[in-house]
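Inspection log for the structure reproduced underneath, given as structure tokens.
Read the figures in this text as sums done on the coordinates, not as results from a lab. Bear in mind the structure is a predicted one, so any value in this text is a computation, not a measurement. Using ideal geometry, Cβ is built from the backbone for each residue, glycine included, and neighbour counts are taken over all protein chains shown.
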């Protein structure tokens, strides 16, 4: 198992390296833009010279890698947050993204699994039909449509919630105040519809499969009630694929949803990505791209490894 | 000896002499009887099963309807094409002259007015009835065809003042405009007015006598004080008019020495052909004069004044075309790549899988952004978008094909074909590939909604821009609406409904196909 994990991690870093290289080349060859201010122009030009931005591309890449490995320096923001290290710029935006998505997951998981279990137990009864139809609708409708519906009803019609997430200053200087949480409720709702539907569909599919399996028949013949057999046997087995999916969603929350962040003006990683393109802040853009790639790769690898931890049969099969 | 004994033991009636026997089929060709029923092939079988899935059939019909809409609505719109626009009628709601009579699609919007603003709106109707400066009453104005206020829904007090919540026809709300035209056009309009009896030109307003609140706003045709409140000067002094007085609004028209109203005013230019004249027009009728029909937009107009119904059609067309081309290209690349991986296996598979692994690690949004930045200028936004979709899109298809090939490549019929001397290429495409076709088609169909979604997301985020005078995508329509939809909800609702419908229907359709093609479901149905 350890060997397998190590192999996967090494492979992940190799992939990350290749993608970073490609992104670096594609981003560095873009023409850079100078700010309007003449004094700043001179300053920035001098800094670029000193940082080796005028060297040949290969040497630039060498410098870039050296800075990462020796000083954990992913470049500098040149316009969004003047002269702040790109790493810090991205990490500053991480907390709001994580919070909104975390709240959404905490809301979605019980609903998703609960509805999925209900649909599977009542398979082909009206409850299942209602749930399955709704799931089909909610899975298909794009998330921004929910965002507009949520904004329309919760803000314009009912006026219960603010239109956008409060800025840090408005909410009392912390991401953890009650006021901040309150303003995050609309985006959390907008995110949750799709997640709940996806989780419900997945749970239903897995549980119906385990419910019809032979060991369930055995469990019932040996005298367990239906509820006992379902919770002790079917649900446990159904969790084997469901849990990794949930774990990967927890890693996915680092990435968040760009579109939701844009609509609700959440100052998160996704919004930073869009801003870094519009302001042509390429070092931040580069950092953000690496970050998204890393999160994606990490989610994939964690799913594979968690399968092995959750289900011993898969671990045995690996050997 | 034994035979003879047996024969003798048999009952009497079976004792038939040898001569009576004759060969039944001597000289005839013997062959199997042809089936009375028609053979059912793979696709026919799938079709039969697909038909039973009601939801998928409905979804397919809706998709077809949307496609037909996109194709035929622009074709059957004889009045104008997709590049037709009118800047004064931008962001207007749905309006249809027939449906207007029953209170839907009347271009209406409910808004709050204070008394002064409400009088200004009602005055547009009164002014429209007063083309010759002889005056019009409130009743005439309220009943006028050009009256913007459709209905006063509610009045309430707020901070000591009455607020009127009224439904207003946003097309008629434009009211009067000043326009600078040449003499020839003036003559044309006058001729058209006489021919049709529709009044376009209205008397000019005296902007200099102190009773005109805003000299640039042609809707202030009545006398107002410095705060834009209507006044009457009948008794020698200025007196405000309120809504319930019943005192008629007093016109502020410019008149010549004989007291006749003036319809045009020379503003500049040299000879008879270039001279410019200032006129005051009722825009609704001016539109009719220019275009020959009344403004009617069944879905309203978009933020620039294009007909949303046509924009929607071209948006659907572009989004679907992009989605279908991506799906086809992915199908091709994925099938070939997956077939090679799965069929040859071993080192080739491992190597190709690594490449696919690395590519699939690149987040789509990063690819799309980089392609857009680098290629959009030289290749145009659509090819670079297609490229971004294709770069990582085929991986899903290829891994599906690969799995299918692993499943089928060691089956007996493949071995038989190989023994008979078939080449690799023949085995791959003729023998194994058709078996995995169902799975691949299903996944290709399911690619379509995801491409539509990704395209709309990228447009929405402003990473790509597919908007133009004759071209737009569903995502572009949504992103156009995103900043102003709170005031003009139809701009958001209509594209959002279409996009959601497309997503739902393609997903249902794809699921139906999957169930139809998946032979493991055979016999499971009730």
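Distance between the C-alpha centres of the range B:58-130 and the range A:10-87: 52 Å, rounded to the whole angstrom.
Based on the Cβ-Cβ distance of residue B:28 and residue B:425, what FRET efficiency does E = 1/(1 + (r/R0)^6) give at R0 = 30 Å, to the nearest 0.05? That gives a FRET efficiency of 0.10.
Each label was represented as a point 7 Å from its Cα along the Cα-to-Cβ direction; for residue B:102 and residue A:309 these points are 6.3 nm apart. Relative to the longest principal axis of the Cα atoms of chain A, helix A:269-278 runs at roughly 40 degrees. log₁₀ I(q)/I(0) of the range B:95-291 at q = 0.09 Å⁻¹, via Debye over equal Cα point scatterers, no solvent, to two decimals? These q points yield log10 I(q)/I(0) values of -0.36. Evaluate the relative contact order of chain B (contact order divided by residue number), counting alpha-carbon pairs under 8 angstrom at least 6 apart; express in whole percent. After rounding, I find 17 percent. Shielding of peptide A:255-267 by partners, expressed as the average count of other chain Cβ atoms within 10 Å per residue Cβ, is 2. Kirkwood radius, the range A:99-200, all distinct C-alpha pairs, inverse of mean reciprocal distance: 14.7 Å. In terms of packing, defined here as the mean over residues of other Cβ atoms within 10 angstrom, the peptides B:111-120, B:16-25 line up highest first as B:111-120, B:16-25. According to the square roots a ≥ b ≥ c of the eigenvalues of the Cα gyration tensor, what is the shape class of chain A, taking rounded for a/c under 1.5, prolate for a/b larger than b/c otherwise, and oblate for the remainder? In terms of gyration-tensor shape, oblate.
Helices in chain A, meaning DSSP H runs of at least 4 residues, each add -39500 (n - 2.57). Divided by all residues, the mean residue ellipticity at 222 nm is -24000 deg cm²/dmol.
Considering only A:175, A:87, A:48, the mean-square fluctuation computed in a Gaussian network model of chain A, springs between alpha carbons under 10 angstrom, is largest for A:48. Along its three principal directions, the equivalent ellipsoid of the range B:369-422 from the Cα gyration tensor extends over semi-axes of 42, 12, 6 Å, largest first.
The orientation-averaged projected area of the convex hull spanned by the Cα atoms of the protein assembly as shown comes to 64.6 nm². For the range A:94-267, relative contact order (Cα pairs under 8 Å, six or more residues apart, normalised by length) works out to 38 percent. Two numbers describe the Cα atoms of the range A:94-267: Rg and Dmax, which are 19.0, 63 Å. What is the distance in Å between the Cα centres of the range A:96-166 and the range B:350-364? Comparing the Cα centres of the range A:96-166 and the range B:350-364, I get a distance of 33 Å.
To the nearest ten degrees, helix B:54-75 and the longest principal axis of the Cα atoms of chain B are 50 degrees apart. Treating r as the C-beta distance of residue A:66 and residue A:6 and R0 as 35 Å, the FRET efficiency rounds to 0.85. Along its principal axes, the range B:305-521 has C-alpha extents of 71, 39, 25 angstrom, given from the largest down. Peptide packing for B:92-105, A:243-256, A:71-84 was compared via the average number of neighbouring C-beta atoms within 10 Å per residue; ordered from the highest value, the list is A:243-256, A:71-84, B:92-105. Taking the centroid of alpha carbons for each part, the range B:261-335 and the range A:254-290 are 35 Å apart.
The packing ranking of peptides A:102-115, A:125-138, B:186-199, A:28-41, highest mean first, is A:102-115, A:125-138, B:186-199, A:28-41, where packing means the average number of other beta carbon atoms within 10 angstrom of each residue. First measure r as the distance between the Cβ atoms of residue A:111 and residue B:81, then evaluate 1/(1 + (r/R0)^6) with R0 = 56 Å and state the FRET efficiency to the nearest 0.05. Efficiency at R0 = 56 Å is approximately 0.70. Principal axis extents of the Cα atoms in the range B:8-145, from largest to smallest and rounded to whole angstrom, are 131, 35, 26.
Can you tell me the 0 to 90 degree angle between the C-alpha axis of helix A:235-252 and the longest principal axis of chain A, rounded to 10? It works out to around 10 degrees.
Per-residue shielding of B:366-377, expressed as the average number of other chain Cβ atoms within 10 Å of the residue Cβ, stands at 4. Per the Debye formula on identical point scatterers at the alpha carbon atoms of the range A:1-129, with no solvent, log10 I(q)/I(0) at q = 0.17, 0.18, 0.19, 0.22 Å⁻¹ is -1.06, -1.12, -1.18, -1.30. Under 8 Å for C-alpha pairs, at least 6 residues apart: give me the relative contact order for the range B:95-291, rounded to a whole percent. Relative CO of the range B:95-291 lands at 23 percent. Neighbouring Cβ atoms from other chains, within 10 Å of the Cβ of residues in A:11-24, number 3 on average.
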